[in-house]
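Each reported figure results from applying straightforward, stated rules to the coordinates on display, with no laboratory input. As the structure is a computational prediction, the values presented were derived from the model and not from experiment. We place every Cβ from the backbone using ideal geometry, glycine too, and count neighbours over all the protein chains shown.
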Amino acid sequence: SYDFTPLDSSAVYVLSSMARLRRASLS
Amino acid sequence: PPASETSPVEFDSAISYVNKIKNRFLDHPEIYRAFLEILHTYQKEQLEVKESRGGRGSSGMTEDEVFSKVASLFKGQEDLLAEFGQFLPDA
């Protein structure tokens, strides 16, 4: 189970945005 | 999925990665906090760059800088670093 704080969630947000940018730059 | 949207896969890997780091550094919460700090600084600077586009031409914190900061933080944890590289746009 995930016990995420708001800080953790924003880290997830930043990382997934980075992954999206990466996909955009690769395509 | 379109490039403007985060896919569920990207979201899931981000969640499991954050979880992995959190668990890896359970005894060193300061390392985990420093990692979050780097991500937030990066994000904040990216937003500032967007807002000031056409201004002085600052590019904020580059992906290289983020990577080297995280590399010195995750010294000896090569798997975490390698996985982090997979999130970076021009890794």
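Could you work out how far apart the two model spin labels at B:Lys20 and A:Thr5 are, taking each label as a point 7 Å from the Cα in the direction of the beta carbon, and quote it in nm? So the two model labels end up 2.2 nm from each other. Rounded to the nearest whole Hz, the Karplus-based 3J(HN,Hα) values (6.51 cos²θ - 1.76 cosθ + 1.60, θ = phi - 60°) of segment B:30-37 follow the sequence 5, 5, 4, 5, 5, 4, 4, 4, with x at glycine and proline. Comparing Cα centroids, segment B:1-53 and segment A:1-22 end up 5 angstrom apart. Legend: ranking of residues B:Thr6, A:Thr5 from fewest to most surrounding C-beta atoms inside 10 Å; resulting order A:Thr5, B:Thr6.
Return a whole-number percent for the relative contact order of chain B, with Cα pairs under 8 Å and 6 or more residues apart as the contact set.
With pairs under 8 Å counted, the relative contact order is 23 percent.
Remark: the protein assembly as shown projects, on average over all directions, an area of 7.9 nm² (convex hull of Cα atoms). For chain B, the spread of Cα coordinates along the three principal axes comes to 44, 31, 20 Å, biggest extent given first.
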